[in-house]
Amino acid sequence: MKRWFWLAGMTAAIAAWAQTGAPTPAGAPPSTNAPADMAPGTGAARGFIVPEYDETGQLRWKMYGDTARVLLTGGRIEVRVMKLEIYRNNAVDMTMRASTCLFDRTAKMASSDDAVELVATNMTVTGKGFEWIAGDNLVKIHNDVTVTMLNRMGPTFLLTKPQSK
């Protein structure tokens, strides 16, 4: 009986927390084809958005998800179609996307075994499996990591030896 009350309370808290009226990020409209296990009353919410601010009130990061479901063990939240924006000087510095992740709000950590893509100003990193630790400002990508460096500051130059005449 206690577990049922706990589940009902967590469901209400997540629904109230996720439905703050915040806009959905551009290019990531909420899905209308959520799985059947994400039905109302099951500890699930659509349009999941969680921001984190520093002590001065500046936005540090914001996590979006199509759907979120509270897991009964560990107090973690399963987020589907996750997008994480990490901010620097009130602007998006880096964006990370994964199809699913487990998010621990208390520890401010997320992890997944799924494919992940991280896009920053001058690089793109892809791989399989990740762990994000907000407090340490750290992202670990576990397998099949590919890093693509971009030169967005100017034209690309190839380094070659001088040609003899």
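A few notes on this one:
- Difference of contour (0.36 nm per residue) and Cα-Cα distance, MET123 to THR73: 14.3 nm
- For the listed peptides 53-60, 109-116, 71-78, 91-98, a ranking on the average number of other beta carbons within 10 Å per residue, highest first, reads 109-116, 91-98, 71-78, 53-60.
- Cleavage-rule hits, chymotrypsin sites (Phe, Trp or Tyr not before Pro), the range 72-157, DSSP coil, Cβ neighbours within 10 Å at most 11: PHE157
- Straight Cα distances below 17 angstrom link LYS83 to the aspartates and glutamates GLU52, ASP66, ASP93, ASP104, ASP113, ASP114, GLU117, GLU131, with same-chain residues fewer than 8 positions distant left out.
Read-outs: derived from the displayed coordinates by stated rules, not from any lab. These numbers come from a predicted model, not from an experiment. No Cβ is skipped: glycine too gets one built from the backbone with ideal geometry, and neighbour counts run over all protein chains shown.
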